[in-house]
């Protein structure tokens, strides 16, 4: 039973990380640990403390990968819509000074959360990207059906409107 509850909590935390609701992740962890997280941590054997720097190092590594993934998405968006450069950069929390041609990051909170909650962020990101790519692939394969439905449903109506003008 505890394993099932833990699995459900883990899935919820992964989903929350997809939508950048990291504060909710912290609240859920606090609730499910009964707000005694520090007492439970102190009970652990001191020999396990070497996991703390390992966890943080993995978090830093994930934050670099997550930032790279974010920048790749920003790059794709800019190539698709170069006219919306400013709004795309704002959405990604990137400040750009056109005069000095310099960039700065205004997403410190995101990067810190990626470091701290990296297991949830990594799984959430991977699932989100995988599901998104799968759905886009399926849509590309069947979109002709939707076009056919449009032609069959609206074709005669559109022809009637054109002839009456």
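The values are calculated or read from the model by the stated rules, or taken from the named source; none is laboratory data. The shown structure was predicted, so the numbers you read here are calculated from the model rather than taken from an experiment. Here the Cβ positions follow ideal geometry from the backbone for every residue, glycine too, while neighbour counts run over all protein chains shown.
Couple of notes before you dig in:
- Selection over the stretch 70-123 of residues that are farther than 30 Å from residue 52 by Cα, modelled with pLDDT of 80 or more and surrounded by 13 or more Cβ atoms within 10 Å (Cβ to Cβ) gives a count of 4.
- Residue 128 vs. criteria at pLDDT below 85, surrounded by 10 or more Cβ atoms within 10 Å (Cβ to Cβ) and within 30 Å of residue 57 (Cα to Cα): yes
- When restricted to residues that are in contact with a helix residue (DSSP H, G or I) (Cβ under 6 Å, 6 or more places away or on another chain) and over 20 Å from residue 11 (Cα atoms), the stretch 108-165 contains 1.
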